[in-house]
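Inspection log for the structure reproduced underneath, given as structure tokens.
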Amino acid sequence: MKKTTFKRIGQGITLSLLTSTLLHATNGDHLIAVGAKARGMGGTGIAITHGAESTLSNPALITSVVSTEISFGGTVFMPDIETQLNETPAPPGMGLPPQDKMTSDADLNMIPEVSLAMRINENFYWGIGMWGTAGMGVDYSNGPGIENTLMTAGQLSNFDMVTNLQLMQFAVPLAYKANGFSIAISPILQYGNLDINFKMPSRSTPGDINNIGSGLAQDFGFGYNLGATYAFSNGLTVGAVYKSSIEMTYDGAIASAASNFGLTMSDTLEQPAEAGVGIAYVMGQHAFAFDYKKIMWSDAEGYAEVAWEDQDVFAVGYQYSQDNWALRAGYNHASSAVVETMNPSINMFNLIGFPATSEDHYTVGGTYAFNEQFAIDFAYVYSPESTMTYDVRQLQMGLNSLTTDHREDSLSFQLTYNF
């Protein structure tokens, strides 16, 4: 294999390894919402309140609690991702052998959440919460294996990748309410850990395979959420929110992986800032909500380097409530943050290591209250299969393109208690 070809392959696979832990997401690497009520309504929550769970959607909306409300539960996230290598036509015996689809075994993730909001007096409210915002990764250890692939002949394997990223956010919102106006700030402490393990053919000893992995890297980052709402007397509410970026540095993890390909890269992976507005209207038993937000991937270190595009997220939700129960439905759409580029290494990265290509989400949910204090909430989110094919011919690997199929299912359950 030519040295330049090996370097190009290395660059693409390095990028895959650096961020493949985030690939099982919805709007980029963000869940469409945290909390069963918001998830059941398409992720809407900027102008329509969901009680204590509103802290991450819009902290100004915790002012809806009557006294004290606590909710706790989680989401079972089930992604299904397969990647197919498409061979360039070649004479018999000269091309790649038939390639099977690579399937990630990291197809089940548990994402917890706990939220509490309390009324201090007529004007002030505060809360505290802890949410898992990512608990994802890839596991190709049961695939064909790099040992069974002739890398020296230019073939590509899944590198036996086993990767894992976990992000947890802690927040303490403080809100002020006067008449129909509410405003809030919510400081955010984020904890993250990143582990990357994979195999590479030795460049110094042909035929040898090196196990690469720097171990678990951890970091804390700080950010904040700002929110505001105004409720009119006719049932109409408007809201706005801004979420700061959060810089995370995983010492040695990303740079170590890159160094195996002669690359110098930062260990920083910054969660992007986002801004949004929303409108909601409640008419008797019916509630309607619409949110728009922009996620600024192109300004976030780590994502900008691999050409992620900003996302415009549109969400609509509906709720019907009666007596002690409620039903919800919604729809969420955002064009893929990853797109085909002129750089084949980036294309490889997007579809093998980071196929965050999910665009449409259909949601349903509901609540059943056992009494005035205790209720159970649930939601189901379905993202239909998306198929993307990107060109990688310039890598001179005998491949014409890569095709990735990506679909998602998730179930959320939550217990809510008022006292």
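At a glance:
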quantity	calculated
Residue list for the stretch 117-138, filter: at pLDDT 75 or above and closer than 23 Å to LEU194 by Cα	GLY129, MET130, TRP131, GLY132, THR133
THR416 vs. criteria part of a strand (DSSP E or B) and either at pLDDT 90 or above or charged (D, E, K, R) (or both)	yes
Looking only at the stretch 351-389, and only at residues there that are outside any strand (DSSP E or B) and aromatic (Phe, Trp, Tyr), the one that is modelled with the lowest pLDDT	PHE354
Set ASN197, ASN211, ASN164, ASN234: member being within 30 Å of GLN285 (Cβ to Cβ) and either at pLDDT below 95 or out of contact with any helix residue (DSSP H, G or I) (no Cβ under 6 Å at 6 or more places or on another chain) (or both)	ASN234
Failed condition for ILE70, given (1) aliphatic (A, V, I, L, M); (2) closer than 29 Å to LYS243 by Cα; (3) modelled with pLDDT under 95	(3)
Cβ pairs under 9 Å, 6+ apart, first in the stretch 71-92 and over 11 Å from ALA36 (Cα atoms), second at pLDDT 90 or above and of a type in the set (Ser, Thr, Tyr)	VAL76/SER410; VAL76/SER412; PHE77/SER410; MET78/SER410; PRO79/SER383; PRO79/SER410
Count of the stretch 354-393 residues which are closer than 30 Å to ASP323 by Cα, buried (at least 19 other Cβ atoms within 10 Å of the Cβ) and of a type in the set (Gly, Ala, Ser)	4
Any hit, the stretch 298-314, residues being touching a Ser or Thr at 6+ places or on another chain (Cβ under 9 Å), more than 30 Å from VAL392 (Cα to Cα) and modelled with pLDDT of 95 or more	no
Verdict on ASN332 being touching a strand residue (DSSP E or B) at 6+ places or on another chain (Cβ under 9 Å) and either modelled with pLDDT under 80 or among the polar types (S, T, N, Q) (or both)	yes
Any hit, the stretch 221-229, residues being in a strand (DSSP E or B) and modelled with pLDDT under 95	no
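The values are calculated or read from the model by the stated rules, or taken from the named source; none is laboratory data. Predicted, not measured: the structure shown is a model, and the values here were computed from it. Note: ideal-geometry Cβ built from the backbone for every residue, glycine included; neighbour counts use all protein chains shown.
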